[in-house]
Amino acid sequence: MNARQGLQLLRQHQRTTFLVASGLSTAGSFAGLTAKGWLLLQGSHNPLLLALHFAMLTLPTLVVSGPAGVLTDQWGSEKVLIRAQWGLFAAAVLGAIAIPLSQGGLQALLLLASTLGVGTASAYELTARNKYCALLVDHPDGLGSYLTSFSVVFNVAKLVGPPIGGLLLAGTGPFAALALDAASYLVPIATLIWLMAPNGDAEQRSQRGQQASLATAWRDCGADLRRVLIFCALACLFGFFHPGLAPLMADQLLGPSPQALGLFTSVIAAGSITGGLWLQRRAEHLSRRPALLLGGSTLVSGLAQIGLGISPHAGWGLAMAFLIGAGTACLLSGTNLILQVRSPQVLRGRMAGLGQIAFLGGGGLSGILAAGLSLKTGIWPTFVVLGCLGSALAIWELASQHRKRLA
């Protein structure tokens, strides 16, 4: 097979090609985030700094995701997606060069600035990618399954990325992990430019003006989807702090080594993969029943948080971490699934932006809330308190909306 035939084969299987490229860049990103988190923990041993690091990744969505959705619906998803990937590459390069060129407080500041750049560019990338996926499927009925495939790929990358980051930290130092993070973004850039052939004629773009605003999307999406967004934001506020505090949680549960952090995050990722596969097989059915999907996912995570907080021992703690990963993955992927499948195509860029504001904005605030509580009560009582709040929210949603079906 020559090079031209190989390119043609990749274009014929462009959905798989795009999934693989996204997975490779995500694995590199998690290796880099693991390295940054470990460096910040070793430099300060301050959970608030870890929460700030996660906030730099997530809170930009509160400001950026809305404009990203508007821009995606106006410019088109492919154009925004390619530019966002270049932004991710530049931000990751900043983190890599911070290692040999700085140390101490300046290095921590550059690492946080790198993560802030990644968080900002990711808001555009995730928003555009959601709408772009609809241009790759042959039939609208296949969109739900394809979207949830990204959850599986994302969590597989989350499974392999942290151990890679931990091994590179232990074996060669942090520069290799952060350089891998930067280089991995070149894979989706090359894929989007040379290997993809999306059906651009199928994309509906909004006109400029008031009708293209985020407020219009919020109003026009309907009461059911607005409820999905509000519930997701509240659920993430009580239960999506573990990505930011993972280094501290691993340190308390398993020990202070990079390998312990890699094992802990990989167990969470294994739960996320399991949850993603379960959701993928039931995407069409569950996208019609938001209370069952989102309320059930939040209840699983909340009860697992309580279990981990009550008995923080290695074996039991890892089992609870697995359930936290499964519940959180179904909550986040399920929210995205419902918003994309059940909204008009012309709104999907802005709906993706609203979804990011809900789960990443809520998650960033959750990390700060959990870090503040842990300084007063300890990490494990914090798990119990937030787990009880999340479980109560889930039970209320299941009890009040269990009969609700979306058209």
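The values are calculated or read from the model by the stated rules, or taken from the named source; none is laboratory data. From a predicted model like this one, the values you see are computed outputs, not experimental measurements. Cβ sites come from the backbone with ideal geometry, for glycine too, and all protein chains shown count toward neighbours. These accessible areas exclude ligands, DNA and RNA; they are computed on the full protein's heavy atoms, side chains included. Shrake-Rupley method; radii C 1.70, N 1.55, O 1.52, S 1.80 Å.
The table below lists the values:
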{"read-out": "Residue-level accessible surface for ILE193, protein heavy atoms, 1.4 Å, Å²", "value": "80"}
{"read-out": "Rounded to the nearest 10 Å², the accessible area of HIS139 at probe 1.4 Å", "value": "130"}
{"read-out": "Accessible-area order (highest first, 1.4 angstrom probe) of the listed residues LYS158, LYS36", "value": "LYS158, LYS36"}
{"read-out": "HIS402 accessible area, 1.4 Å probe, all protein chains in place, Å² to nearest 10", "value": "90"}
{"read-out": "Test item: Cα-centred dipole of the stretch 314-407, Lys/Arg +1 and Asp/Glu -1 on Cβ, debye", "value": "380"}
{"read-out": "Helix runs (DSSP H) in the chain reaching 30 Å along axis by Cα, Kyte-Doolittle at least 1.0", "value": "77-101, 143-171, 314-341, 379-401"}
{"read-out": "Solvent exposure of the chain as accessible area per residue, Å², 1.4 Å probe", "value": "40"}
{"read-out": "12 Å cut-off, amide nitrogen to a point 7 angstrom out along SER400 Cα→Cβ, residues in the stretch 209-229", "value": "227-228"}
{"read-out": "Solvent exposure ordering (accessible area, 1.4 Å, most first) of ASP138, ASP251", "value": "ASP138, ASP251"}
{"read-out": "Positive dipole terminus of the chain, leading residue within PRO47, LEU369, THR17 (C-beta point charges)", "value": "THR17"}
{"read-out": "Portion, in percent, of the accessible area of the chain that falls on carbon or sulfur, probe 1.4 Å", "value": "66"}
{"read-out": "Value of [θ]222 nm, deg cm²/dmol, for the chain, DSSP H segments ≥ 4, -39500 (n - 2.57) each, nearest 500", "value": "-27000 deg cm²/dmol"}
